[in-house]
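Take a look at the structure set out below.
The values are calculated or read from the model by the stated rules, or taken from the named source; none is laboratory data. Just so you know, these numbers come straight off a predicted model, no measurement behind them. Here the Cβ positions follow ideal geometry from the backbone for every residue, glycine too, while neighbour counts run over all protein chains shown. Protein only, heavy atoms only, side chains kept; ligands, DNA and RNA dropped before computing areas. Shrake-Rupley method; radii C 1.70, N 1.55, O 1.52, S 1.80 Å.
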Amino acid sequence: MNIELDKPPKVATAYLHDAEIKEEIGLNKPSKALTDYFDSVEVNFKQKIIIFLIAFGLFFDFMDTTNFTVVVPFLVKSWNLTLTQVGYINSAFFVGMFLGGVLGGYLANYFGRKPVILGSIFLFSVSSVFNGFSDGYISFLVFRLFTGIGSASLIVVANLYLAEILPNKS
């Protein structure tokens, strides 16, 4: 396999060419209005509402994550689960979190931040409700997996969204 390191890829070449042209005509510094728009304005009412709604979603996300520790003793008793099965259920949630963390960022870049945040909230909410109606080990394990996907996706994308819409120093 031959890797040529002395040739930049087409995207980098186009970027370098654009940078050279901008430098020639004196536009080598991006304007503040384009790059730091939210840094130059105060946090407004709409942003505060968005912060509250995302915090509300994250609250229920974290609450769902920690509720598992309360539910485990009842599941062990009523479904006769072994500690190994409890470990698999918990592991399924964290595997789901890994998948949601990875997929959340990609989906947010493709579909946008808001739709992915709403989809993540929908996924972990519906999965949490189905967790409550699970009648056995396998269904609970599968729904915990989907709960983990929605949970981590929300955490990743919500943090990205807040970092984008809020000023640096407020």
Subject >> For residue 73: the one exception among (1) open to solvent by less than 90 Å² (accessible area, probe 1.4 Å); (2) in contact with a helix residue (DSSP H, G or I) (Cβ under 8 Å, 6 or more places away or on another chain) >> reply: (2)
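Every residue, every condition in (1) in contact (Cβ under 8 Å) with a residue 60 or more places away in the chain; (2) β-branched (Val, Ile, Thr), yes or no:
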{"site": "45", "(1), (2)": "no, no"}
{"site": "68", "(1), (2)": "yes, no"}
{"site": "84", "(1), (2)": "no, yes"}
{"site": "99", "(1), (2)": "no, no"}
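Kindly indicate which of 116, 86 is farther than 18 Å from residue 55 by Cα and at pLDDT 90 or above.
The unique qualifying residue is 86.
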Subject >> One residue from 52, 94, 74, 59 being over 21 Å from the mean Cα position of the chain (by Cα), aromatic (Phe, Trp, Tyr), part of a helix (DSSP H, G or I) and at pLDDT 90 or above >> reply: 74
**OP:** Taking only the range 50-62 into account, find how many residues are free of Cβ contacts under 8 Å to residues at least 40 places away in the same chain and open to solvent by 70 Å² or more (accessible area, probe 1.4 Å).
**Re:** 5
**OP:** State whether the residues of the range 77-95 include one that is open to solvent by less than 70 Å² (accessible area, probe 1.4 Å) and closer than 30 Å to residue 168 by Cβ.
**Re:** no
Subject >> Those residues of the range 103-120 which are open to solvent by 50 Å² or more (accessible area, probe 1.4 Å) and touching a residue at least 40 places away in the same chain (Cβ under 8 Å), in sequence order >> reply: 103, 107, 114
Original post:
Name the pairs: first residue in the range 151-170 and farther than 9 Å from residue 104 by Cβ and outside any helix (DSSP H, G or I), second residue charged (D, E, K, R) and open to solvent by less than 80 Å² (accessible area, probe 1.4 Å), Cβ to Cβ under 6 Å, at least 6 apart or on different chains?
Top reply: 167/39; 168/39
